[in-house]
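All of the numbers you see were taken from the coordinates with simple rules; none came from a lab. Here the structure is a predicted model, which is why all the values come from computation and not from measurement. Glycine gets a Cβ as well: all are built from the backbone with ideal geometry, and neighbour counts include every protein chain shown.
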Ligand SMILES: [Zn+2]
């Protein structure tokens, strides 16, 4: 159903104007986006996922992400950070800024408490701002229970391995699902099978599991359920298979609830996750860092990342460079070399976290991207030196990959942890025009073939702060290129 009437045309025009001015999107892409916004149904405009919408908008995933991030900044969209249960895909908590994301996920549906990581458990979606198009899904109070579950709670649920919506896994065992209104007792006639009865109150974020076993009951069992803060309260703790009347009432609040009857031996099947714009992807996104980088991570312990690749560069003999050409000229050379490195980093899906003196710290989602960027950098700096007519800038690069903690430091999104330390120290081992990578990087997807092509020497190195020796591979792409 297309209902153009709900669109605030002036607001939309103004927002599209701001988006046009904010970045260089081509006119065709902007027109496609505007057409989509004007013709899509409320459900399509709620919790939009740029990775899923990219095809429909005729954009790459990177372009769609950029457009939604810019659109969020200028007020066309609002951003929603969801803490997603890794098991069932329920959005356990939803906040409006990265800084407010908590460090743990407590899914009461799965009875699972895990440390939240930015790789799999934190995802961003976008709504068209209500000032532009009021969306009926913005008000869960007015939704049916089906819409509430599908569009609020299980938006990242994905599919089963057989390709069915994962939420249907629960639906097949559903005996009742509803909003229960204050001061009204709602009744549901159900037939119970041996197994478990799971009552869940989505407002209290709490549930109760009752055992159903023994001889079938011939009379109808009356189950009184009271919803309120905490887990539901019932008058029966043990139920028999057979007919039952569920009588559900709530306190003074309207509460969404579900009642499932799971067979005794049932377990959650595997879930195929849908692509999500994760917290890790955004921290590794230059546009996000530019527009939203001042979001302060409030969690004192930082936010966990299971796997990220860190690249450090530094200049060999920079003191001599300053001595030889003077501060002004050296500053210009260092500045120009940053430009060259930046191009190599962004063209390999990486982002610069910061520069430290003459050094650069960058991150990548995969080790192969970092290695490709490093090879690019050495080529770019060789070209740069060629235009100068002499070898003024000499680069040394180090790469390591692993877990890290995202933190806010000096008003900037930064990283902390042993992986970062090792990456910096591996960089310090590198000689002129050399890339030092750790075994973890060398063993990663596709890096082996780069090593095979370029050749590498390896050694066991001692690194400050690490008790074991670290296997390091030395790559010299310029020497390999000259030899070829
Ligand atoms: Zn769960």
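In table form, for the structure just shown:
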{"item": "Descending Cα extents along the principal axes, the stretch 174-265, whole Å", "result": "38, 25, 20"}
{"item": "Degrees, to the nearest 10: 418-429 long Cα axis against longest axis of the chain", "result": "10 degrees"}
{"item": "Relative contact order for the chain, counting Cα pairs under 8 Å that sit 6 or more residues apart, in percent", "result": "12 percent"}
{"item": "Two-site label geometry, residue 294 and residue 213: point separation in nm, points 7 Å out along Cα→Cβ", "result": "6.0 nm"}
{"item": "For the stretch 400-444, Kirkwood radius (reciprocal of mean inverse C-alpha pair distance, Å)", "result": "11.7 Å"}
{"item": "0 to 90° range, to nearest 10: angle between helix 61-73 axis and the chain longest Cα axis", "result": "70 degrees"}
{"item": "Three-way shape call for the stretch 4-160 based on the alpha-carbon gyration tensor, with the a/c threshold at 1.5", "result": "prolate"}
{"item": "FRET E, pair residue 343, residue 60, Förster distance 22 Å, beta-carbon r, rounded to 0.05", "result": "0.75"}
{"item": "The stretch 302-483 - Rg (one decimal) and Dmax (whole number), Cα, Å", "result": "15.8, 47"}
{"item": "Residue 268-residue 453 pseudo-label distance in nm [points 7 Å out on the Cα-to-Cβ vector]", "result": "4.1 nm"}
{"item": "Principal axis dimensions, largest first and in whole angstrom, of the stretch 76-219 by Cα", "result": "59, 34, 31"}
{"item": "Angle between the chain longest axis and helix 27-39 axis [Cα atoms, degrees, rounded to 10]", "result": "10 degrees"}
{"item": "Anisotropy class of the stretch 440-484 from Cα gyration tensor, a/c 1.5 cut", "result": "oblate"}
{"item": "Alpha-carbon centroids, the stretch 62-110 and the stretch 412-484: separation in whole Å", "result": "34 Å"}
{"item": "Residues 476, 100 arranged by fewest to most Cβ contacts within 10 Å", "result": "100, 476"}
{"item": "Sequence of 7, 463 once ranked by neighbouring C-beta atoms within 10 Å, starting from the fewest", "result": "7, 463"}
{"item": "Coordinate range along principal axes, alpha carbons of the chain, Å, largest first", "result": "95, 59, 39"}
{"item": "Burial ordering of 459, 141, fewest other beta-carbon atoms within 10 Å first", "result": "141, 459"}
{"item": "Shape call, the stretch 181-221: gyration tensor on alpha carbons, a/c limit 1.5", "result": "oblate"}
{"item": "Estimated 222 nm signal from helices in the chain, with DSSP H stretches of n ≥ 4 weighted -39500 (n - 2.57), rounded to 500", "result": "-9000 deg cm²/dmol"}
{"item": "Inter-label distance for residue 236 and residue 97, nm, one decimal - labels placed 7 Å from Cα along Cα-to-Cβ", "result": "5.0 nm"}
{"item": "P(r) tail fraction, the stretch 247-333 - alpha-carbon pairs more than 21 Å apart, %", "result": "71 percent"}
